[in-house]
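Undergrad: Submitted below is the structure of interest, expressed as structure tokens.
The values are calculated or read from the model by the stated rules, or taken from the named source; none is laboratory data. These numbers were taken from a predicted model, which means no experiment stands behind them. Because the Cβ atoms are built from the backbone with ideal geometry, glycine has one as well, and the counts that use them run over all protein chains shown.
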């Protein structure tokens, strides 16, 4: 009985030892395996220097250099419209005439009184030379003549107010009155604007005030002509800063010979600054944005724990500059020539092995033109 127990115990011990040997060999095999995670596929690009011309961007509104809605200087009835809607006119051209029949009759009477006063004065001069009348009577005749001439001049001025003329050369808009309509003094009659050149009005933050000066080039874009860029010149800077918004008003002048630009248009203005020093430029897809700092991953050769070399990534924090299209400028953190990961950055970690595959690259155009725009 004891012999059977010993045999069983020995057999059990042999089984345990065998299992232990098997497990030990498995542990050794696992320990000898390479635990380096598989390489992640990424695309890369060499960081390069570029000379970007910095700009100040702003939302703008177009306004005419000269533009006004002409009004009536006196009450009257419209008797003649001398210009068609949308016509070009020269300075001084008659646009609208009001009824002056009453003033014309009054002027005829005033002219008759002036002629009599003129004759009376001439007689008084002759009589005074003969000492027939006194100097006071001649003075009275002179006063009568002056008053008659003033009455005639006042009526002519009133009649001139009822003839609306173009104050400058430009294009007439859609008239606001019709033939035979009575208009009161100050009532709007017709708009007129000088279409070339045009003003571009916009605001910039006060912190950018030292960067602008009169004479700088301004590029203007409007939605009506997405493929055109209108070049202008910065012509005026408001001397005061708006106390509510802390912005300063700026005005540019843009040539508009074909009248493509219209008053009141929404526009985007870019003020060109002098060319700055070359800056490292990379695709914007290379940036890993985070609240604690923005970073990129630089590909370089690394050594593992076993001393073997592999291609890995190093996380590098950077200071970002301005962006333009698909690209972004790096103020600090990257040296020219370093190989930067351009896609797949969010799955990477520091010292992680990577495999470079640049068959398909992300966009890297400073002025992209998407197909749907």
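Undergrad: Please give the number of the condition residue 128 fails out of (1) closer than 30 Å to residue 202 by Cα; (2) assigned to a helix (DSSP H, G or I).
TA: Condition (1) is where residue 128 drops out.
Undergrad: Given the criteria farther than 30 Å from residue 253 by Cα and assigned by TED's automatic domain parsing to the domain that holds residue 157, does residue 116 qualify? Spell out how you get there, then give the answer.
TA: Details: farther than 30 Å from residue 253 by Cα: yes; assigned by TED's automatic domain parsing to the domain that holds residue 157: yes.
Judged against the criteria, residue 116 is a match.
Undergrad: When residue 132 is evaluated against the numbered criteria (1) modelled with pLDDT under 90; (2) surrounded by fewer than 16 Cβ atoms within 10 Å (Cβ to Cβ); (3) under 22 Å from residue 68 (Cα atoms), which criterion, by number, is the only one it fails?
TA: Single failed check for residue 132: (3).
Undergrad: Okay, next question. Considering only residues that are farther than 11 Å from residue 148 by Cβ and either assigned to a helix (DSSP H, G or I) or in contact with a helix residue (DSSP H, G or I) (Cβ under 9 Å, 6 or more places away or on another chain) (or both), which ones fall in the stretch 92-118? Break it down into steps so the answer makes sense when it comes.
TA: To start, the set of residues in the stretch 92-118 that are farther than 11 Å from residue 148 by Cβ comprises 92-108.
Those that are farther than 11 Å from residue 148 by Cβ and either assigned to a helix (DSSP H, G or I) or in contact with a helix residue (DSSP H, G or I) (Cβ under 9 Å, 6 or more places away or on another chain) (or both): 98, 100, 101, 102, 103, 104, 105, 106, 107, 108.
Undergrad: Of the residues 334, 282, which single one is in contact with a strand residue (DSSP E or B) (Cβ under 9 Å, 6 or more places away or on another chain), at negative phi and not in a loop (DSSP other than H, G, I, E, B)?
TA: 282
Undergrad: Separate question: Within the stretch 191-221, which residues are at pLDDT below 90 and more than 16 Å from residue 56 (Cβ to Cβ)?
TA: Listed by number, the residues that qualify are 195, 196.
Undergrad: What's the number of the only condition in (1) assigned to a loop (DSSP other than H, G, I, E, B); (2) farther than 30 Å from residue 84 by Cβ that residue 221 fails to meet?
TA: Here residue 221 clears every test but (1).
Undergrad: Looking at residue 62, is it assigned to a strand (DSSP E or B), closer than 30 Å to residue 161 by Cβ and modelled with pLDDT of 90 or more?
TA: Considered against the rule, which asks whether it is assigned to a strand (DSSP E or B), closer than 30 Å to residue 161 by Cβ and modelled with pLDDT of 90 or more, residue 62 comes out as no.
Undergrad: Do we have any residue at all in the stretch 137-152 that's part of a loop (DSSP other than H, G, I, E, B) and surrounded by 12 or more Cβ atoms within 10 Å (Cβ to Cβ)?
TA: No, that holds for no residue.
Undergrad: Output the number of residues of the stretch 222-262 satisfying the condition of being buried (at least 17 other Cβ atoms within 10 Å of the Cβ), closer than 13 Å to residue 62 by Cα and in contact (Cβ under 8 Å) with a residue 40 or more places away in the chain.
TA: Selection size over the stretch 222-262: 7.
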